[in-house]
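Read through the structure below, which is laid out as structure tokens, and then see the notes.
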Amino acid sequence: MANCKLCVLAALCSLLILATFTGSTQSASCCLSYTRRVYRCKQLMNYSIQTINGSCDISAVIFNIQNKFVCANPNEPWVMRGIKCLK
């Protein structure tokens, strides 16, 4: 009986540690590199801005394109045109 309780306690502790680790990695997701592809205005659906902070190493414009997200260099001319197009 004591072995069963110990196994259950160990399983619960493992799940707690796993849940904590998974939650922290999901909140730290950010762009690590830029796309090389140039997208036209009609392909862009929405955008958001990523700034450099504790977990993100690069600034980026994140475009929503047909249910996927693309990280773009904010200094590229096509990116500036895309932002203007969406405004």
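Among what's in the range 60-75 and is exposed (fewer than 15 other Cβ atoms within 10 Å of the Cβ) and in a loop (DSSP other than H, G, I, E, B), pick the residue that is farthest from the chain's Cα centre (by Cα).
ASN75
How about the range 46-59: which of its residues are free of Cβ contacts under 8 Å to residues at least 24 places away in the same chain and in a loop (DSSP other than H, G, I, E, B)?
THR51, ILE52, ASN53, GLY54, SER59
The numbers here are math on the coordinates, done by the rules we state, and not lab data. Quick caveat, the model's predicted, so the values are computed rather than measured. All Cβ positions, glycine included, derive from the backbone under ideal geometry; neighbour counts span all protein chains shown.
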